[in-house]
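See below for the structure under consideration.
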Amino acid sequence: VARCKRPQFHVACGSSDLLALGPKGVGAVAPLRPAPPAASYYAFAPAAGWRVLVLDASAVSLLGHEPGSAAHSQAVSLLAQAVPAVSVAATAGTDLLSLPDPLAGVEGAARRFHPRGGGLGEAQLGWLREQLSLAEAASERALVLCHRSCLRDSCVPEALLFDCDAALAALGSYAGVTAAWISGADPAGGYGRDTHGVHHVALCSAAHCAVNEDAFGALQVFDGHLALRMVGRQPSPATRPQGWPETLALPKSGKLIAAPAGEGSGVFFFFVSMWMAVLQTLLVPMEPLFRLLTSKEDSPSPDSKPPSEEPHAAGSVALGRVPTSGAGTRTAPS
């Protein structure tokens, strides 16, 4: 990666990074992540018409904050409300991260409330909506990079955000803006597409790969679609037996982008002028034939004078005379 000689952008760190380095040390592996007290999420524009949003999936979590902090206490309260075992452990003062099986008896999407899980929080959700609104106003597409997914059908429950439903609703509020949500917390990998056409690609977690096993790829952006090129590990055959999708069509926008006042009429007259020029080029060489077809059958007498020709206005195009159903002739409009 260092040899690419390109700006390097890192997704906000996941649970493995926080476990190894702690909330104060993750900057070593994510140099572009804003340092505290600034928000740990950010946006950048890699090319005209595109906006990339890098979210922090541990903004509300135990791993992302020091014990005793207000944010850490908020995460403990959230987990205690969602998981009975966590509630009992928290009351007893047990280290929640050391619980052997905190999700025992918990099924379905509720398993996202793991002590090592995380969520965006209200402040970051508000920022996400603001960024999508700005992208829509600027007629931009957005790509979202986040360690955890927000679509339930795209990954295992443990790889979902705490507030996945709120994040998904934010995307739906600006239909057609977000092209894809890329995550990386699912050990097996997965893929799904929501009702607004957003592609949710849950990459295989690198921390769960075997020795010398590859799990990487590239996402190519085109005018009408995305091209996903993955190398190595394939998604779970149980949930995605057909493998990774290769062509991702861009979602349709629910908003029509109108041209500025006066711009549409200018384009209209440009096309009219263009077609008039084409007609002139095609029809002027045929003018002698038109004259022959519209002339009288009898030859004019020697004393007759040719009909007078009225001068054409400057810039007009002469298409010649064409016969009419009545007496006389008419001149086709130019």
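The values are calculated or read from the model by the stated rules, or taken from the named source; none is laboratory data. All values derive from a computational prediction rather than experimental measurement. Ideal geometry is used to build each Cβ from the backbone, glycine not excepted, and the neighbour counts take in all protein chains shown. The protein model used for the area step is the full one, side chains on, heavy atoms only, and it has no ligands, DNA or RNA in it. Shrake-Rupley method; radii C 1.70, N 1.55, O 1.52, S 1.80 Å.
See the values below:
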| read-out | value |
| --- | --- |
| Net charge, GLY49 excluded, C-beta distance under 11 Å - Lys, Arg +1, Asp, Glu -1 | 0 |
| The stretch 170-229, accessible area per residue, ligands and nucleic acids excluded (1.4 Å, Å²) | 43 Å² |
| Net charge, ALA109 excluded, C-beta distance under 11 Å - Lys, Arg +1, Asp, Glu -1 | -1 |
| Neighbour net charge for ARG129 - beta-carbon separation under 12 angstrom, K R +1, D E -1 | -3 |
| Additional length obtainable on full extension of the chain from ALA238 to GLU140, 0.36 nm per residue less Cα span | 31.7 nm |
| FRET efficiency, SER98 to ALA227 (Cβ-Cβ, R0 35 Å, nearest 0.05) | 0.20 |
| Neighbour-limited loop hits for chymotrypsin sites (Phe, Trp or Tyr not before Pro), the stretch 131-232 (at most 14 other Cβ within 10 Å; DSSP other than H, G, I, E, B) | PHE222 |
| At R0 = 25 Å, FRET efficiency that the Cβ-Cβ distance of ALA249 and ASP165 yields, to 0.05 | 0.50 |
| Accessible surface of the stretch 76-209 [probe 1.4 Å, protein heavy atoms]: carbon and sulfur percent | 54 percent |
| Linear extension gain, VAL88 paired with CYS209, 0.36 nm per residue minus alpha-carbon span | 40.2 nm |
